[in-house]
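Asks: A single structure is presented below for examination.
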Amino acid sequence: MNTKNNNYSLISTIKREWYLLAILLITFIIGIYVYPDLPTNVPSHWNIHGEIDGWSSKTFAVIFYPLLNLILYPLMLIFPKLDPRSDNYSRFAGAYKAIRIFLHLFLAFIYLLTLVIALGYPIKMDIIVRASISILFILIGNYMGKFQHNYFVGIKTPWTLANEQVWRKTHRLAAPLWVGVGTIEFFLSFFQGSWAGYTQFALFMLMAFIPIIYSYFAYRNLNKS
């Protein structure tokens, strides 16, 4: 009975989110449409100076990334059903849906940018990608404080997973941190030079490690009391 209910829930979600699937399919169609005009090798990676330092075949570039995005869609619907804390997802359903949409749109956007650059249009990929990632951090940070205890999304350390109070404290700290760092990184994205890239990387490391360290001390202090 539970399996039938889960299947019905998944189908209902897919029907409600037809617009998102349509966007993902359209990006796929665009890639196939421009395939004949693409060069044999398509840029796939840029270094900190904005220079291309990685390439892939045009067949791989056109098929793999949108296919990955399409496969990710059902997986992100199924994984919460498998989570030992699956009941908690109803308590932050809106936040989880927003994160899924942000991630899918981000991947689709980067894919389309890659195609545009491969077609020879002069676009500052390093600036746009850095700015886009910064916006993604800001958006996720805005919802992070609403994440409930789970094993799939959020800041998963041994201490946040071991205690719900530590989870809540850590995510309440991380939420404004991600928004603040994301905002600073967004403005840094428009500056040229290695210093801007290294500064963004340093800020990213702080954004990643401060919540981890905080969760450890929060857990230790909780056990002391």
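The values are calculated or read from the model by the stated rules, or taken from the named source; none is laboratory data. Remember, predicted model here, so these are calculated numbers, not experimental data. Because the Cβ atoms are built from the backbone with ideal geometry, glycine has one as well, and the counts that use them run over all protein chains shown.
Asks: Given (1) more than 20 Å from the chain's Cα centre (by Cα); (2) buried (at least 16 other Cβ atoms within 10 Å of the Cβ); (3) free of Cβ contacts under 8 Å to residues at least 40 places away in the same chain, where does residue 159 come up short, assuming only one miss?
Replies: (3)
Asks: Also: Which one of 173, 107, 72, 115 is surrounded by 15 or more Cβ atoms within 10 Å (Cβ to Cβ) and modelled with pLDDT of 95 or more?
Replies: Being surrounded by 15 or more Cβ atoms within 10 Å (Cβ to Cβ) and modelled with pLDDT of 95 or more holds for just one of 173, 107, 72, 115, which is 173.
Asks: Can you tell me which residue in the stretch 75-112 is farthest from residue 123 (Cα to Cα), limited to those that are among the small types (Gly, Ala, Ser) and in contact with a helix residue (DSSP H, G or I) (Cβ under 7 Å, 6 or more places away or on another chain)?
Replies: Going through the qualifying residues, I end up with 86.
Asks: Could you check residue 55 against (1) within 26 Å of residue 111 (Cα to Cα); (2) crowded, with 17+ Cβ neighbours inside 10 Å; (3) of a type in the set (Phe, Trp, Tyr) and say which number it fails?
Replies: (2)
Asks: Is there any pair with a first residue in the stretch 70-85 that is more than 15 Å from residue 104 (Cβ to Cβ) and a second that is hydroxyl-bearing (Ser, Thr, Tyr) and modelled with pLDDT under 90 whose Cβ atoms are under 7 Å apart and which are 6 or more apart or on different chains, and what are they?
Replies: none
Asks: Does residue 190 meet the test of being within 24 Å of residue 108 (Cβ to Cβ) and over 19 Å from the mean Cα position of the chain (by Cα)?
Replies: In short, yes.
Asks: Among the residues of the stretch 158-198, which ones are farther than 15 Å from residue 213 by Cα and charged (D, E, K, R)?
Replies: Listed by number, the residues that qualify are 164, 185.
Asks: For the stretch 17-51, which positions are assigned to a strand (DSSP E or B) and free of Cβ contacts under 8 Å to residues at least 40 places away in the same chain?
Replies: Matches in the stretch 17-51: 41, 45.
Asks: Looking at (1) touching a helix residue (DSSP H, G or I) at 6+ places or on another chain (Cβ under 8 Å); (2) without any contact (Cβ under 8 Å) to a residue 60 or more places away in the chain; (3) exposed (fewer than 13 other Cβ atoms within 10 Å of the Cβ), which one does residue 190 not meet, given that it meets all the others?
Replies: Among (1) touching a helix residue (DSSP H, G or I) at 6+ places or on another chain (Cβ under 8 Å); (2) without any contact (Cβ under 8 Å) to a residue 60 or more places away in the chain; (3) exposed (fewer than 13 other Cβ atoms within 10 Å of the Cβ), the lone unmet condition for residue 190 is (2).
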